[in-house]
Structures are given as structure tokens and as C-alpha cells.
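**Student:** I'd like to ask some things about the structure below.
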Amino acid sequence: MNKDPLSQLDEGQQKAVTSQAKNILCLAGAGSGKTRVLTTRVFYLVKKLNIPEENILSITFTKNAAAEMLERLAKLGIDTEKLWCRTFHSACYKILRELNPKLNMEIIDETRQGDILTDIIKKLSRHQEFGYRLSRFMDDNNWPLYLLQEEIFKIIKECRNRSVGFEKIIRRCQKEKNVDIVEFYRLLYVIKSQYEKYLKMNNIYDFSDLINEVNLELENGGQALKYYRGKFKHILVDEFQDVDFTQMKFLKILNGTKNNMFVVGDDWQSIYGFRGGNVSYILNFQKYFLEDNETIILPYNYRSDGHVVYSASKFIKKNKRQHKKKIKSFSKSKLKIKIFRGRDEAENVKFVLKAIRTLLKHNISKSDIMVIGRNWKNLHPYIKIFNKNKLNNIKINTIHGSKGMESEVVFIAGLHQGRGGFPCIKEDYDIVKIIKDAKMQDRLEEERRCMYVAITRAKKLLFLITEKDKESVFVKEISRKYCEEVK
């Protein structure tokens with residue numbers, strides 16, 4: 001006979017699952033069992049409170065996360081055919097389909113978007129006045145066509161993710177002194193108008209369009225809003241720290257003032273600002289969901305060695321904008337964090353190779369080892385030498401790619417200061433600043449959160465790979481109480 005899933009939760013998890021508050025923020029740190037909490041919350045709603053599955057919407061960020069949740073829920077006896085467990089885009093696609101069953105929609109990816117934009121630019125260039133202006137702009141700024149297309153694509157994406165309309169852009173351009181930036185947005189206005197006209201005429205939607213279109217349908221009020229607010233009495237959201245403007249708008253419209261919102265996330269792991277994610281939503285949850293709200297912290301990390309947990313927690317507390325929380329390790333502190341300082345990159349690569357060979361001799365499998373870095377440039381030398389030495393099974397990730405993953409042993413490479421190092425803070429191009437303008441302090445804090453994510457991928461053993469006289473400030477910020485030098 002299966003045990004009651006609630007009996008397998010710790011005190012904090014049980015509190016989150018059974019809370020009767022209307023709006024709940026569950027602060028679930030790295031390795032705290034957030035997926036278990038989400039699935040058990042659904043179980044509790046259906047089996048204990050008798051909420052029908054069709055009245056529940058569970059939102060995830062990836063298809064894999066949705067599939068994992070559905071698999072777990074099915075094992076708990078939940079009717080997963082009636083329950084909506086989907087990504088934002090999938091949920092919005094289904095809503096549009098239901099609202100317009102005869103609509104012949106085509107959903108396009110970024111490659112197809114790029115192709116359409118290229119065709120539109122070519123057609124517009126045949127018009128004498130526009131073609132002259134475009135050619136002069138490219139010549140004056142020494143831009144090849146591919147770079148122009150990349151910038152236009154990037155700006156359109158930024159506008160969509162942040163719901164920045166051209167009225168706002170025009171107002172900002174009026175204060176802009178750089179004539180090239182003003183001209184870029186004048187050209188972009190024409191291109192973007194034609195692009196959106198083309199999509200509308202052909203019933204084509206890109207991913208950002210899906211959410212914006214649903215928001216437009218729902219915020220107009222009427223039967224659609226009444227139906228979906230009536231349907232989704234309980235909304236659950238995973239990885240809430242990563243939501244962007246349009247996603248938050250979607251959630252608030254659906255939630256209204258009467259429905260129930262249960263969000264799980266960790267502000268310490270908010271690392272997607274570059275694609276529109278806004279840490280302010282999780283930091284100010286109570287302001288966005290005013291009625292009957294509760295914040296619950298899951299205090300245990302079940303994944304990592306105590307040295308990893310406590311060093312990471314102390315490290316991230318250097319950020320000013322955060323929820324204050326005390327995270328405890330469920331495991332004992334056994335293995336100190338290893339710091340290696342090589343003379344240069346070549347010596348660092350040599351050390352990591354030697355360390356991995358030693359680990360393999362001590363029965364650590366290749367699949368239990370992960371090497372991660374802030375960007376691919378940090379990782380290329382390791383990929384090259386691993387291929388050469390038949391170590392292809394070792395997981396190699398950027399930090400953003402490693403989020404949600406874990407490994408027995410983790411090496412964080414490229415921990416040097418300066419160009420190509422970590423923290424990696426790039427100045428926005430002046431063109432992009434019309435759309436967004438993040439403060440340097442906010443960027444540094446996001447980089448620190450990236451480092452926190454990297455540290456907490458390690459279950460047992462963590463190596464920090466830096467360079468002599470070029471040590472990253474992040475290495476310096478990790479308490480030596482939890483570390484030891486290795487040679």
C-alpha cells in the first residue's frame with residue numbers, strides 16, 4: 001500500500017503544501033525538493049480538498065519539467081488528462097486554439113523568424129527612399145547586413161519580452177542625442193510594422209506573440225476572461241524567479257482577485273535577466289498579490305555537502321536585493337571546497353584533467369563529474385582535451401545550461417577577473433539601452449546569483465579553478481572556512 005505523500009515531507013514542505021492562504025510564495029532553495037512540493041500540492045488540492053483536476057493550471061518553464069511533473073502526478077493517482085500542466089507557451093497556444101478553433105495557426109521558431117525578417121528587409125530595400133536611408137545607415141556605421149538583421153531581431157525580441165511599445169520607444173528617442181540611434185529606430189519602426197503585418201496576415205505566431213495575444217484576448221474582459229478565471233481556480237507556477245513582464249501579466253490577469261496562486265522559486269537563482277526575467281516579481285510578491293498572502297521558506301538543502309551549502313549561503317548574502325533566509329544542509333560537512341590557482345589557462349586544464357583521472361581511479365564515474373563555466377569560451381580548452389583523452393561522457397555546461405542539474409563532483413572553470421572572466425558584465429549597446437537600462441549593481445548581483453547556481457550544482461565535492469594574480473572577486477568572497485588550497 002502506497003504511503004500518503006504528505007507523510008514523506010519535512011515540516012517546511014508540509015506547511016507549504018497544506019497552507020490555506022490564497023496567495024503563497026514558497027521560497028525553495030537549491031536542493032530543497034521543490035518538484036516534490038509542487039506535485040504534492042496538486043495531490044493535496046485534488047485528494048484532500050476535492051478540487052477537480054480541470055480547475056488546476058500548473059505552469060513550468062520547460063517541456064521536460066512539465067513531463068516530469070505529469071509522470072509524478074500520474075503515480076499519485078491524478079487524472080493528468082484533465083489537469084493542465086504546461087509551459088507558458090504551451091498553455092497560451094491551447095487557450096488560443098480553444099478561443100479560435102478554426103484559426104489555422106503556424107508557430108515559428110527563431111530561425112524562421114530570422115528568415116521572414118530577411119525577406120522583409122530585402123523587399124523594403126527596393127523602395128528608393130527607404131533603401132537609400134538603410135544603405136546610408138549601414139555605411140555610416142560600418143554594419144554588414146547580417147549584423148543589422150541580428151540587431152533588429154534582438155530589439156524586436158526585447159520589445160516583446162518586456163512589452164515595450166513603439167510609443168514608449170519614440171518618447172525615449174526624443175531625448176536621445178545620438179542621431180544614429182534615432183535613425184536605427186526609425187528604420188526599425190518600418191521593418192517591425194511590416195513584420196507584424198506579415199505575421200498577422202498569415203496567422204503566424206512566434207513564442208512571445210502567443211503570450212501577448214492571449215493577454216490581449218483576456219484583458220479585454222468578456223466571456224473569455226470569465227471562462228478561464230472560472231476554470232483555473234488554482235494556479236501553480238514553477239521557477240517563479242524567472243518570469244518576465246508578459247508572463248507576469250498573464251498570471252495576474254488569470255488570477256484576478258478571487259483565484260489562488262501558489263508559486264515556487266528562489267530569488268537566489270534568478271539568472272535570466274538577459275532574456276527578460278525580473279527578480280523584482282519574486283522579491284515583491286506581496287505587492288503583486290495583495291490579498292491573503294503567505295511566504296514559506298523551505299530551509300533544507302538535501303542535495304549538497306554541508307561545506308557547499310553553507311559557503312554558498314554566506315556568499316549570496318552579499319547581494320543587497322534578496323529575501324533573507326537561512327538554509328541548512330541535511331548532509332554533514334565532509335569535504336572542503338578545493339581551490340586551485342594555476343599560472344595560466346593551460347595549467348588549469350592540466351590540473352583538472354589530472355584531478356578527473358584520480359577521481360576515476362576512486363570509482364567516481366564519468367557521468368558523475370561536471371565541468372561548468374560562465375561561457376563557452378571558458379570551456380573550449382576542456383572540451384578539446386577531454387575529447388583527446390576519451391573523457392566525452394563528462395558533462396560540460398555553461399552555468400545557465402547547468403541550472404536544474406546536479407553532479408557528485410563539480411569543477412567551476414574560468415574563475416578569473418577581467419576579459420572573458422567571471423563576473424561577466426557587458427555594457428549594453430547604446431541601441432539596446434533605449435529598451436532597457438540595468439544598473440551595474442543589479443548586473444553584478446545577477447552575476448553573483450550565477451555563481452551561487454554554479455556552486456550549488458555540487459553534491460559532494462566542488463573545485464574552484466582560478467588563476468594566480470587574476471583571481472575572480474567571487475573566489476575571494478567565498479569564506480576560507482569552507483575551503484582548502486590544492487596544488
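**Student:** What trypsin sites (Lys or Arg not before Pro) in the stretch 186-270 are in a loop by DSSP, with at most 11 other Cβ atoms within 10 Å of the Cβ?
**Tutor:** Filter output for the stretch 186-270: Lys258.
**Student:** Which GluC sites (Glu not before Pro) does the stretch 195-293 hold that lie in a coil by DSSP with at most 14 other beta carbons within 10 Å?
**Tutor:** The qualifying sites are Glu291.
**Student:** Report, in deg cm²/dmol and to the nearest 500, the calculated mean residue ellipticity at 222 nm for the chain, where each DSSP H run with n ≥ 4 adds -39500 (n - 2.57) and the sum is divided by the residue count.
**Tutor:** -14500 deg cm²/dmol
**Student:** How big is the accessible area of Tyr132 in square angstrom, nearest 10, if you roll a 1.4 angstrom probe over the protein chains?
**Tutor:** It works out to around 140 Å².
**Student:** Also, quick follow-up: For an R0 of 35 angstrom, estimate the FRET efficiency from the Cβ-Cβ distance between His362 and Phe274 and round to the nearest 0.05.
**Tutor:** Result of the calculation: an efficiency of 0.35.
**Student:** Separate question: By how many nm would the segment from Lys468 to Asp4 lengthen if fully extended, with 0.36 nm per residue of separation less the alpha-carbon distance?
**Tutor:** 161.6 nm
**Student:** Rounded to the nearest percent, how much of the accessible area of the chain (1.4 Å probe, protein heavy atoms only) is carbon and sulfur?
**Tutor:** Reported share for carbon and sulfur atoms: 49 percent.
**Student:** Turning to a different aspect of this structure: Quote to one decimal, in nm, the extra length available between Lys384 and Lys226 on full extension: 0.36 nm per residue of separation minus the C-alpha distance between them.
**Tutor:** Extending this stretch completely gives an extra 51.2 nm.
**Student:** While we're here: Could you sort the peptides 322-328, 204-210 by per-residue average Cβ neighbour count (10 Å cutoff), highest mean leading?
**Tutor:** Most protected by this proxy first, the peptides run 204-210, 322-328.
**Student:** Okay, next question. Go through Leu76, Val371, Ala91 and say which Cα lies farthest out towards the positive end of the charge dipole of the chain; charges sit on Cβ, +1 for Lys and Arg, -1 for Asp and Glu.
**Tutor:** Checking the options against the dipole of the chain, the answer is Val371.
**Student:** Moving to a separate point now. Please compute the length gained on full extension between Phe166 and Lys197, using 0.36 nm multiplied by the number of residues separating them and subtracting their Cα-Cα distance.
**Tutor:** This chain segment gains 9.7 nm when fully extended.
**Student:** Quick check for you: which residues of the stretch 293-317 have the amide N under 19 Å from the point 7 Å beyond the Cα of Gln441 toward its beta carbon?
**Tutor:** 316-317
**Student:** Could I ask something else about it? Provide the FRET efficiency to the nearest 0.05 for the Thr257-Lys94 pair, computing r from the beta carbons and using R0 = 25 Å.
**Tutor:** 0.55
**Student:** With labels modelled as points extended 7 Å from the Cα through the Cβ direction, what inter-label distance (nm, one decimal) is found for Val179 paired with Ala21?
**Tutor:** Reported label-point gap for Val179 and Ala21 is 5.7 nm.
**Student:** Can you work out the accessible area per residue across the stretch 382-470, with the rest of the protein chains kept in place, probe 1.4 Å, in square angstrom?
**Tutor:** Roughly 45 Å² per residue, with all protein chains present.
**Student:** Continuing with this model, one more query. For the stretch 1-34 and the stretch 107-184, what is the separation of their Cα centres, given in Å?
**Tutor:** That distance is 48 Å.
**Student:** State, to one decimal in nm, how far the label point of Gln149 lies from the label point of Ser135, with both points 7 Å from Cα in the Cβ direction.
**Tutor:** 2.0 nm
The values are calculated or read from the model by the stated rules, or taken from the named source; none is laboratory data. Model, not experiment: these values are computed from the prediction. Every residue, glycine as well, gets a Cβ built from its backbone with ideal geometry; the counts of neighbours run over all protein chains shown. For accessibility, only protein heavy atoms count, side chains too; no ligands or nucleic acids. Shrake-Rupley method; radii C 1.70, N 1.55, O 1.52, S 1.80 Å.
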